[in-house]
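The values are calculated or read from the model by the stated rules, or taken from the named source; none is laboratory data. In this text, all values refer to a predicted model and were calculated from it rather than measured experimentally. Here the Cβ positions follow ideal geometry from the backbone for every residue, glycine too, while neighbour counts run over all protein chains shown. All accessible areas refer to the heavy atoms of the entire protein, side chains included, with ligands and DNA or RNA removed. Shrake-Rupley method; radii C 1.70, N 1.55, O 1.52, S 1.80 Å.
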Amino acid sequence: MLYYSFTKQTQRVSSAMAEVFQEQGWEVTECPIEFVDEKYKIEFPFKPFWPKLLRWLWPQATGKTGQVRIPSEISEAEYDLICIGSPTWWLNPAMPVVSFLKTDEAGKLLNGKRFAVFTVCRKVWWNNMRRVKKLARKQGGTFVDGATFRFRGGQIQSALAFINYMQTETNRDRYMGIRIYDFGIPDDGIESAKHFAGKLAASNGE
């Protein structure tokens, strides 16, 4: 389970999927990608929100890369299936995921291996999925399936929930007087992630 997660939503999906794989008798390795580039350092709280957010717009939207890290022993091991998880940042895969998929370590990990992709987003996910698939295939992997898990609410509600969470790390039911849903993947989305993992486990080797 290879993923990057800043707000822990992609991590929640990964953990739910890992639980199902383990129930099916698989040995699971969870591997969060560490984003260690000081130039692009991000941390809570995100204040002032707009200046910090907009500082990321150009490098993220244009596919810039930064320094990332995973344990060396992970890229040297053998796997039957690699599940790659990415949040969606400005319609694209998160910079840490793109950064890793362009490294030599990614080639060692993915070459000749089957991989699945799961994305997390507010609404628009397809470019994230497309780019992760393309980068992983370029490293020699074989795509088998993909799924997306979305936040609850429309564009405005989910955006306000995101802004609120990034500034406070908490959920509340209103922001700027507008009623919003809790930030993150809802419970039915986590159940969908478990179903996706079950589907992948059942199709192993086919």
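Of the conditions (1) assigned to a helix (DSSP H, G or I); (2) modelled with pLDDT under 80; (3) aliphatic (A, V, I, L, M), residue 42 fails just one. Which one is it? Every condition holds for residue 42 apart from (1). Scanning segment 45-93 for residues being outside any helix (DSSP H, G or I) and not aromatic (Phe, Trp, Tyr) gives a total of 27. Taken over segment 12-27, residues that are free of Cβ contacts under 8 Å to residues at least 40 places away in the same chain and either assigned to a strand (DSSP E or B) or surrounded by 18 or more Cβ atoms within 10 Å (Cβ to Cβ) (or both) amount to 0. For segment 124-182, the set of residues classified as at pLDDT 75 or above, assigned to a loop (DSSP other than H, G, I, E, B), in contact with a Phe, Trp or Tyr (Cβ under 6 Å, 6 or more places away or on another chain) and among the charged types (D, E, K, R) consists of 152 only.
In segment 133-156, of all residues being over 17 Å from the mean Cα position of the chain (by Cα) and surrounded by 19 or more Cβ atoms within 10 Å (Cβ to Cβ), the one that is farthest from residue 105 (Cα to Cα) corresponds to 153.
Residue selection: residue 100 fails the criterion of being over 15 Å from residue 116 (Cβ atoms), among the aromatic types (Phe, Trp, Tyr) and not in a helix (DSSP H, G or I).
Okay, residues lined up against (1) open to solvent by 60 Å² or more (accessible area, probe 1.4 Å); (2) not aliphatic (A, V, I, L, M):
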| site | (1), (2) |
| --- | --- |
| 47 | yes, yes |
| 50 | yes, yes |
| 58 | yes, yes |
| 63 | no, yes |
| 82 | no, no |
| 85 | no, yes |
| 88 | no, yes |
| 95 | no, no |
